[in-house]
Structure formats: C-alpha cells, structure tokens
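Taken together, the values in this text are just the output of simple stated rules run on the coordinates, not laboratory data. Note that the coordinates shown come from a computational prediction; the quantities given were computed from them, not determined experimentally. All Cβ positions, glycine included, derive from the backbone under ideal geometry; neighbour counts span all protein chains shown.
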Amino acid sequence: MPFGWRAISGPVLTAAIALLAILLGNYVSVPSPAPLLVCIVALAGALSGFASANTSAAIGVIGAALFFLNHRGGPFYATADLVRLGLLAMTAAGTAAITGLMRERLLGSFADERRSHATAARLSAALDQVDIGIVLLDAETRAEFINRAFRDYFALPDEVADGKPPFIALMYHGRDTGAFELPEDELGTFIAQRMEMVRIGDATPINIALRNGEVLRFVCAALPDGGRMLSYTPVTDLVRHTDAPARADYYLSLRDPANRRLIRSLRVAQ
C-alpha cells in the first residue's frame, strides 16, 4: 500500500472512530459503530484503493469486536455479538472489494481518456502541418475537424471552423467568398453535386479549380461510423502542366449543361 495521506486516512479514521466508541461506551450508551465503520471503509477505497479499504475493514472489525466485548462487560461474546461481527466482516470486506475495484476501473478509464486526448491532439497538430485540406464530418455532415490547410485554401475564419459548421455551410462560404473558379450561374449545380457526393459517400476523385489559380483534388471517404473524411489535395502543377491549352475547344465540345460533370476540366482548360 503506498504511503500518503490518501492511503492512511481511511485506517486512521477507522481506528479513531472505533477507539472513540469504546471510550464513550464506558460512560454513556453508544450505538454500534458498525455502519459508520463500513462507510469509512468505502471512503478509504474511493480515496486510495483496495489496500487502504481492506486495511480499514480489518481495523474496523477488530474495533467493533473490542466495542462489543467492552459493551458486554464480560470475558465472552454473546451469540448475537458474533453474528453481528460476522455480518460486519462480510460487509466491510465486500465494500472494500467493490470500492477498490471501482476506483481501479475509474482510474483506468481516466488514463485511457487522457491517452486518447493526447493522441487526438498530436494527430490534430500533425494534420495542421500537411498541405492537404482535411475535413472530418459526422453522420449529420457537421464538421468535427477542419485542418489548417483547408482553412487557408478557402479563407475560412477560425471562429467559423471551430463552430462545427455543416458541410453545406462550408460550400456556401466558398461560394460567397468567390473561392471557386466557376461562373455564378453554375455554382448552384456544383454545390448540389458536391452535397450529393458527400451524402452517398461517392469516392470518385474530382478536381476543383480555385479562383486564385490553385487546383485541388477532392475525395470523399465514407467512415464506419457514418461520417465522412474529405481531402483536398493540391494538384495545381500536375493539372496545369499536363492540360494543353490547345485542347480547350475539345473540352468545350464535351460540355454538358445539364449536369456539368466536366466543369473542373473546362475551368482548367480555359
């Protein structure tokens, strides 16, 4: 048993209560201290664990035995006293075991939670260092995490990002700030398509052209809990350098005004 105020407080308090009951019993009628001793055993288990509670239980049973013997004023115990001592011993031992076990489990849960928080904090810090925009959505498409790269790409204020906005709000923010390299009359269809991709968990990668000249490859990954992980990988050099400007007419000929599935390629070619 580790030595400290938490560890010794239970046994010391148990011994003090038992001794006080014995001394007062010589002068006045004192009820059995057994219930109070069991409570102290529970307190010892909550403060320091099984060892302190078990020690308090042993001291409590010995103190109660001395109290009953002193209360009778004779050298022998009555049957009723022995029964009460037996019940006290079982109750105190059970209380010590239960409270000690509960404390160990509670401390283990706290330790696991601290490790989980520490791991999450390290992961969050690591994701803030990469140039890939990362957004984690819950099952209701609310953003639980938005890394620094995404905030920078779309000029998203920290107070908005930290407020767990829904994905539709992020899309409207990009529209309102003119982040997307799209004609205004095509933004509604573009946003509706992105919302549908996220809703069904479509993992088809698409390129999103930004007005500042950057191109991001958007991928939606469905998570086991029903959430979504959205990644925005910068592919500006790859797209801008491999798409020949001479093929702009070809892209225009493939343009479909009904669903605009080639809108990213058109913006790149233009």
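Suppose a student asked you for the relative contact order of segment 5-118, using Cα pairs under 8 Å spaced at least 6 residues apart; what percent would you report? Could the numbers behind the result be given before it?
Values: 135 pairs, mean separation 36.1, N = 114.
Dividing the mean separation by the residue count of segment 5-118 yields 32 percent.
Counting Lys and Arg as +1 and Asp and Glu as -1 over every other residue whose Cβ lies under 14 Å from the Cβ of V61, the net charge comes to 0.
Using Cα centres only, tell me the gap between segment 85-144 and segment 145-196 in whole Å. Cα centroid of segment 85-144 versus Cα centroid of segment 145-196: 34 Å apart.
Highest mean first, the peptides 148-154, 194-200 sorted by other C-beta atoms within 10 Å per residue fall in the order 148-154, 194-200. Identify the residues of segment 115-140 with backbone N under 12 Å of a label point that sits 7 angstrom from the Cα of K164 along the Cα-to-Cβ direction, or state none. Within reach of a label on K164, which here means backbone N under 12 Å from a point 7 Å along Cα→Cβ, segment 115-140 contributes 137-140.
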